[in-house]
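Note sheet for the following structure.
The values are calculated or read from the model by the stated rules, or taken from the named source; none is laboratory data. Fair warning: this is a prediction, and the values are worked out from it, not measured in the lab. When we count neighbours, we look across all protein chains shown, and the Cβ atoms used for this are built from the backbone with ideal geometry, even at glycine. Areas reflect the complete protein model, heavy atoms only, side chains present, ligands, DNA and RNA absent. Shrake-Rupley method; radii C 1.70, N 1.55, O 1.52, S 1.80 Å.
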Amino acid sequence: FLLIAGGGFVFLMTTIREDVARQYSQASEEPLVDFAHLFAALLEQDIEDGKLDVNRFREGFSNAYEREFLARIYQLEKSEIQTNIYVTTKTGNVIFDSEGGEREREDYSNFNDVYLAARGEYGVRASRTAPDNSRTTVFFVAAPVLHDGELLGTLSVSRPEVAMAPFAEESRKLVLEAGLLTAIVVFV
């Protein structure tokens with residue numbers, strides 16, 4: 001009985017703990033869709049002569065990243081913005097990068113978020129900044145930037161997995177503690 005119950009219990013707990021990370025990833029992707037479309041709509045307000053003008057974005061994001069704040073979200077103390085964006089032309093060349101311009105002038109036309117959004121599909125991707133470390137995953141969601149129905153470019157919103165990690169780790173810890181307590185009760 002203990003072997004059967006224990007084996008089933010370990011399987012159940014492993015499945016639940018692995019599912020926690022997936023659920024947090026899904027929950028964080030949903031607002032990125034909203035942000036991508038909201039920012040794309042705002043950028044569409046700054047089109048001049050059929051061309052994207054990212055100057056207000058550049059100024060706005062610079063000001064936002066310089067803001068000082070402290071938000072206590074349950075066990076997490078947040079004091080910096082971890083959401084970033086980049087804007088590409090319709091050919092996929094980056095013309096604005098909120099992370100200090102490091103990506104500007106690079107060709108992102110083959111990146112899944114840009115490639116799919118430029119075709120009117122759901123533009124999404126997850127990439128690691130360090131290929132051997134799953135904790136360096138960054139999630140990207142893109143939306144097309146349109147003017148009179150014509151594609152002018154794309155806007156991608158990104159957020160690192162580490163921004164959500166404290167919540168996932170807390171949930172995993174609670175599941176493990178509840179699982180161990182239940183295992184002890186069953187054993188006794």
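Quick rundown of the values:
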item: Where a residue in segment 89-102 is more than 20 Å from ALA64 (Cα to Cα) and without any contact (Cβ under 8 Å) to a residue 24 or more places away in the chain and its partner, wherever it lies, is open to solvent by less than 50 Å² (accessible area, probe 1.4 Å) and assigned to a loop (DSSP other than H, G, I, E, B), with Cβ under 6 Å and at least six apart; result: VAL94/ARG103; VAL94/GLU104; VAL94/TYR108
item: First in segment 162-184 and in contact (Cβ under 8 Å) with a residue 24 or more places away in the chain, second anywhere and polar (S, T, N, Q) and assigned to a helix (DSSP H, G or I), Cβ under 8 Å, 6 or more apart; result: VAL162/THR136; ALA163/SER28; MET164/SER25; MET164/SER28
item: Odd one out for LEU38 among (1) outside any loop (DSSP other than H, G, I, E, B); (2) modelled with pLDDT under 95; (3) of a type outside the set (Lys, Arg); result: (2)
item: Some residue of segment 101-120 being out of contact with any helix residue (DSSP H, G or I) (no Cβ under 6 Å at 6 or more places or on another chain), closer than 20 Å to GLU161 by Cβ and either open to solvent by 90 Å² or more (accessible area, probe 1.4 Å) or modelled with pLDDT under 95 (or both); result: yes
item: Filter result for THR83 (out of contact with any Ser or Thr (no Cβ under 6 Å at 6 or more places or on another chain), of a type in the set (Val, Ile, Thr), at pLDDT 85 or above and over 22 Å from PHE139 (Cα atoms)); result: no
